[in-house]
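Here is the structure we will look at.
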Amino acid sequence: MDNMYDFCIIITTYNRPNMLYSLIENLFKEKGSYNIHIAVFNDGSSEKYDLTNYDVKHIRMYPNMGKQKYYVTFNSTFSYVKRIDSKYFIYLPDDVRLVDDFFNKVKDKYELIPDQNKICLSILTDDRVKRKNWANVLAQDFGDYYKTQWNDLCFISEKKFFEVLNYKIEEIPKTRWVGNPNLSSGVGQQITDRLNKHNYGMFHTKSSMVIHGDHESKMNKTERLKTKLITK
């Protein structure tokens with residue numbers, strides 16, 4: 001693609017068309033003078049989606065990959081962003097809303113982190129930042145943000161993030177869920193492990209930059225029920 005964007009937004013969705021429509025409208029309302037590109041990755045939804053009224057790219061995947069093959073969905077997004085020329089990349093689930101002045105706030109939070117090795121800033125914050133998670137290190141408090149050293153798949157980054165990961169998530173074996181089917185997809189954990197091996201800094205905003213309601217999570221409902229979101 002020949003265009004240069006300020007932000008490329010990747011949204012993954014499954015059977016929540018109305019929430020997705022609201023999020024897309026929210027993104028265009030917030031974009032101001034920024035040049036944005038939105039790509040929606042639809043994971044084999046059975047519900048009907050009609051995105052013809054929106055200036056977005058709609059990638060339909062079949063069959064449904066679900067949680068245990070979420071790495072396949074993520075690899076599709078990685079292949080896509082490889083062709084996109086954008087300053088920033090933002091990954092969002094389909095069931096969030098944006099804080100006011102979203103793009104300016106997220107960009108400023110990311111840019112103000114004085115760490116030469118920063119690689120991503122997660123923008124949906126919950127109680128897990130207060131305990132060891134995936135990286136097995138306690139978060140460091142730096143005022144407006146935490147250095148957590150883990151990624152939760154709702155984040156802002158630059159293209160270096162994908163380059164370091166070679167634009168690929170390795171296959172996650174189904175043995176991961178033996179004895180505990182409630183475990184997450186493993187994608188965030190793999191990203192965390194690989195970026196930590198290269199000593200890159202992973203951060204979380206102290207307050208969420210997106211708003212998540214109390215509706216059920218389709219990917220990891222057990223964790224969402226027990227883990228409190230941090231919105232203030």
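Report the far tail of the P(r) of segment 1-120, meaning the percent of Cα-Cα pairs longer than 20 Å. Percent of Cα pairs beyond 20 Å in segment 1-120: 45. Extent along the principal axes, Cα only, for the chain: 45, 43, 35 Å, with the longest axis given first.
Ranked by solvent-accessible area (1.4 Å probe, protein heavy atoms only, all chains present), the residues 14, 62 order from largest to smallest as 62, 14. Counting only protein heavy atoms and a probe of 1.4 Å, the accessible surface of the chain is 46% carbon and sulfur. One decimal place: the segment residue 167-residue 82 gains 29.9 nm when fully extended, by the rule 0.36 nm per residue minus the C-alpha distance. Full extension of the segment from residue 198 to residue 117, taken as 0.36 nm per residue of separation minus the current Cα-Cα distance, would add 28.2 nm. Of all aspartates and glutamates in the structure, those lying under 17 Å Cα to Cα from residue 31, and not within fewer than 8 positions of it along the same chain, are 6, 55, 100, 101, 108. Available extension along the chain between residue 174 and residue 158 is 2.7 nm, counting 0.36 nm per residue and deducting the alpha carbon span. Computed from backbone phi, the HN-Hα couplings of segment 18-30 come to 5, 5, 4, 4, 5, 5, 4, 4, 4, 4, 5, 5, 7 Hz, rounded to whole numbers (Karplus: 6.51 cos²θ - 1.76 cosθ + 1.60, θ = phi - 60°; Gly and Pro given as x). Note on segment 5-55: Cα Rg divided by 2.2 N^0.38 Å, N the number of residues, gives 1.15. Taking all protein chains into account, the per residue accessible area for the chain stands at 49 Å² (1.4 Å probe). With R₀ fixed at 30 Å, the C-beta to C-beta distance from residue 183 to residue 52 puts the FRET efficiency at about 0.20. Taking 181, 93, 17 in turn, the Gaussian network model of the chain (Cα-Cα springs below 10 Å) assigns the largest fluctuation to 181.
Segment 142-175 and segment 17-68 have Cα centres separated by 21 Å. Applying 1/(1 + (r/R0)^6) with R0 = 22 Å to the Cβ-Cβ distance of residue 100 and residue 140 gives a FRET efficiency near 0.20. Loop sites by DSSP among the GluC sites (Glu not before Pro) of the chain, restricted to those with at most 15 other Cβ atoms within 10 angstrom, leave 48-157 as the longest stretch without any of them. Residue pairs exceeding 29 angstrom between C-alpha atoms, taken from 132/174; 87/174; 48/160; 48/107; 82/107; 48/118: 87/174; 48/160; 48/107; 48/118.
Sequentially through segment 101-118, phi angles give Karplus couplings (6.51, -1.76, 1.60; θ = phi - 60°) of 6, 3, 5, 5, 5, 5, 4, 5, 4, 5, 5, 7, 6, x, 10, 5, 9, 5 Hz, Gly and Pro residues having no value and appearing as x. Simple spin-label estimate for residue 34 and residue 6 gives 0.7 nm between the two label positions (7 Å along the Cα-to-Cβ direction from each Cα). Students often forget the sequence filter, so: which aspartates and glutamates lie under 12 Å Cα-Cα from residue 67 once same-chain residues fewer than 8 apart are removed? The reachable aspartates and glutamates, counting only those whose Cα sits under 12 Å from residue 67, are 43. Set against the 2.2 N^0.38 Å expectation for a compact globular protein, segment 85-202 has a Cα radius of gyration ratio of 1.08. Quick one: grab the alpha carbon gyration tensor of segment 21-91, order the square roots of its eigenvalues as a ≥ b ≥ c, and give me rounded if a/c is under 1.5, else prolate or oblate depending on whether a/b is larger than b/c. Oblate shape, in that a/c is at least 1.5 and b/c is the bigger or equal ratio.
A DSSP coil position with no more than 15 other Cβ atoms inside 10 Å describes the following chymotrypsin sites (Phe, Trp or Tyr not before Pro) in segment 105-165: 142.
The values are calculated or read from the model by the stated rules, or taken from the named source; none is laboratory data. Please read these numbers as outputs of a predicted model, since none were measured by experiment. Positions of Cβ are backbone-derived with ideal geometry, glycine not excepted, and every protein chain shown enters the neighbour counts. When the accessible area is computed, the model is the full protein with side chains, heavy atoms only, and any ligands, DNA or RNA have been set aside. Shrake-Rupley method; radii C 1.70, N 1.55, O 1.52, S 1.80 Å.
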